[in-house]
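Quick note: the coordinates plus some simple rules give every number you see, no bench work behind them. The structure displayed is predicted, hence computed values, not measured ones. Cβ sites come from the backbone with ideal geometry, for glycine too, and all protein chains shown count toward neighbours.
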Amino acid sequence: MSSTVPDQADNLAGSREQHGIVTGTQPKTPETRPETGTEPGSENTPEITVPRHVAIIMDGNGRWANGRGLPRSEGHRAGYENLRRVVTAAAKAGVSYLTLFAFSTENWDRPNEEVSGILSLAAEVIKVETEDLHNNGIRIKHVGRLDRLPQDLQNQIADAVTLTRENKGMTLGVAFDYGGRYDVVQAIQRIIKDGVSPDEVTEDMVSNYLFTSSVPDPDLVIRTGGEFRISNFLLWQSAYAEFYSSEVYWPDFDGNQLQKAFEVYTRRERRFGRV
Ligand code: FPP
């Protein structure tokens, strides 16, 4: 599933940076396209379909740092700086849900120093950014396990979620200690605990027990850093998401890169298993 479709490459000025998978040129059906928008500030840009829910695997921080002779921690810091750019660009473009994969259930296996660096950075992000996000009407949602995080961080996350829960702007999902397989396991566990009988279990019910309950499935999953893997991110939820891989490392994946992803997405034909 890793072919680059020529019309896409052409439309992206021949850039080798972008690899979309399975693009199409058909207009999109209105029922699958709830929101549209145009590139801010450009009157000549053709209309862009803005996905309702964008989910991003933020990869490449380490390589970004390596390429500059810096420690990996500097890559994560640069990744944090970029969070602000992309959150702002997504909200401005009219994205309703943005879910970012910040720390996976497997990332605990990284060297202790790197793990504690990311945990400290997460605490700093919440401390520094929450007020601004709140003032901009953004609703913060934690996606994943809380129980294995340091107690202080758990409290910070809970406070940020509570503070912003009534906000009506973009929902920012932060997948932190998240794994798609664990998500399904914890859903099954809770369904059984709730005494649901097997024949009552439906797909909608499972969706409602996932960490992303109340969030619609992603329309577009972006992976930065050039890989074509889903890496245990939103496995159930991404069943019909469009996938877009960019070679650009996360710290450099700015609003313009996001716009390119939306351009490719706009040309996709989503069929949801139909003809
Ligand atoms: C993947 O790049 C990135 C991570 C595992 C950490 C993501 C963290 C941030 C974007 C910044 C902080 C944000 C929060 C909420 C803490 P990688 O290290 O796997 O890169 P590589 O593949 O080049 O090694």
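Please go through the stretch 75-103 and pick out each residue that is within 12 Å of the ligand (Cβ to nearest atom) and either hydrophobic (A, V, I, L, M, F, W, C) or in contact with a Cys (Cβ under 6 Å, 6 or more places away or on another chain) (or both).
The answer is Ala78, Leu83, Val86, Val87, Leu100, Phe101, Ala102, Phe103.
Quick one: would you say Met170 is among the aliphatic types (A, V, I, L, M), farther than 24 Å from Thr130 by Cα and more than 13 Å from the ligand (Cβ to nearest atom)?
No, not satisfied.
Please work out which one of (1) within 8 Å of the ligand (Cβ to nearest atom); (2) of a type in the set (Gly, Ala, Ser); (3) closer than 15 Å to Gly173 by Cα is the condition Gly144 fails and give its number.
Answer for Gly144: the failing condition is (1).
Which residue, of Glu114, Glu131, is within 9 Å of the ligand (Cβ to nearest atom) and either touching a His at 6+ places or on another chain (Cβ under 7 Å) or farther than 15 Å from Thr224 by Cα (or both)?
Glu114
Filter the stretch 96-125 down to the residues that are within 16 Å of His142 (Cα to Cα) and aromatic (Phe, Trp, Tyr) and list them by number.
Selection gives Tyr97, Phe101, Phe103.
Taking the stretch 197-220, which residues are acidic (Asp, Glu), within 14 Å of the chain's Cα centre (by Cα) and surrounded by fewer than 20 Cβ atoms within 10 Å (Cβ to Cβ)?
Asp217
Can you name every residue in the stretch 221-254 that is loosely packed, with under 15 Cβ neighbours inside 10 Å and more than 16 Å from the ligand (Cβ to nearest atom)?
Scanning the stretch 221-254 gives Ala239, Tyr240.
What single numbered condition from (1) surrounded by 15 or more Cβ atoms within 10 Å (Cβ to Cβ); (2) under 24 Å from Pro216 (Cβ atoms); (3) in contact (Cβ under 8 Å) with a residue 24 or more places away in the chain fails to hold for Arg181?
With (1) surrounded by 15 or more Cβ atoms within 10 Å (Cβ to Cβ); (2) under 24 Å from Pro216 (Cβ atoms); (3) in contact (Cβ under 8 Å) with a residue 24 or more places away in the chain applied to Arg181, the lone miss is (1).
When both residues are 6+ apart or on different chains and their Cβ atoms are under 7 Å apart, which pairs have a first residue that lies in the stretch 102-117 and is under 16 Å from Arg77 (Cβ atoms), and a second that is more than 8 Å from the ligand (Cβ to nearest atom)?
Ala102/Ala175; Phe103/Asp177; Val115/Trp108; Gly117/Ser73
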